[in-house]
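What follows is a short report on a single structure.
The values are calculated or read from the model by the stated rules, or taken from the named source; none is laboratory data. Keep in mind it's a predicted model, so treat the numbers as computed, not measured. All Cβ positions, glycine included, derive from the backbone under ideal geometry; neighbour counts span all protein chains shown.
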Amino acid sequence: MGHKKILIINGHPDMESYNTGLAKAYKKGAIAAGAEIQEINLAELQFNPVLQFGYRKRSELEPDLLDAQEKIRWAEHLVWVFPIWWGGLPALTKGFIDRVFLPGFAFKYRPNSPWQEKLLTNKTARIICTLDQPNWYFRLVNHRPAHHAMKKMTLQFSGINPVKITTIGPIRLSSEAYRSGWLDRVEGLGRRIG
């Protein structure tokens, strides 16, 4: 059946958003498939999203971020749910990654080498993201910057592989039927634990 320990990370700052509905739909499907679930709702965490000193000087991790690292270590499969804003991640999601995916946790620099050691291996991921532009336009004209940043330059950089992506859009002018159809499809992804 594949993965059993699933962490769902909802990156939308509004807990009443459609993204929250998608996260709940995935959870419902995964529970039906017998998975163990943990969740992180970024909107509910208390943390400073700014990596104040870059990697020059250490910033102490807030309790919610230490808890998030434990959940990421525990998980076999990470499910990220977020809207794509300005071609990228919401500031809250980006700030969470900046603060949590640190050297020593997500990767380790090698001495005298431009390449890193990946520390989050033996995990897979699914990204579920929403768009206000048509998916084909995001792909062909804008070259999917959020997909590359999240899949290649964050998750795979840290050793998480494979990373699958589900892109839903455009949401802004979508019908109730379109949105509820996608909730059903995402529940199906949860049932397949994919």
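A few remarks follow.
- Residue match in region 117-128 (condition: surrounded by fewer than 16 Cβ atoms within 10 Å (Cβ to Cβ), within 15 Å of ILE6 (Cβ to Cβ) and touching a strand residue (DSSP E or B) at 6+ places or on another chain (Cβ under 6 Å)): no
- The condition (being of a type outside the set (S, T, N, Q), touching a helix residue (DSSP H, G or I) at 6+ places or on another chain (Cβ under 7 Å) and touching a residue at least 40 places away in the same chain (Cβ under 8 Å)) is satisfied by just one residue among ARG144, ARG126: ARG126.
- Looking across region 143-157, the residues that are surrounded by 14 or more Cβ atoms within 10 Å (Cβ to Cβ) and over 13 Å from the mean Cα position of the chain (by Cα) come down to ARG144, PRO145, PHE157.
- Whichever residue in region 143-165 is at pLDDT 95 or above and charged (D, E, K, R) and, among such residues, is nearest to PHE96 (Cα to Cα): LYS151
- Sole residue being in contact with a Cys (Cβ under 7 Å, 6 or more places away or on another chain) and within 16 Å of TYR26 (Cα to Cα), chosen from THR130, THR124, THR167: THR167
- Highlighted here are the strands (runs of 3 or more DSSP E) found entirely within region 83-194 that include at least 1 residues which are in contact with a His (Cβ under 6 Å, 6 or more places away or on another chain): 124-130, 163-168.
- Filter pass, GLU60 being part of a strand (DSSP E or B) and more than 30 Å from GLU187 (Cβ to Cβ): no
- Contact map, region 172-190: first residue under 15 Å from GLY29 (Cβ atoms) and at pLDDT 95 or above, second residue surrounded by fewer than 15 Cβ atoms within 10 Å (Cβ to Cβ) and of a type outside the set (S, T, N, Q), Cβ cut-off under 9 Å, separation 6 or more or different chains; pairs are GLU187/ALA32; LEU189/LYS164; GLY190/ILE31; GLY190/ALA32.
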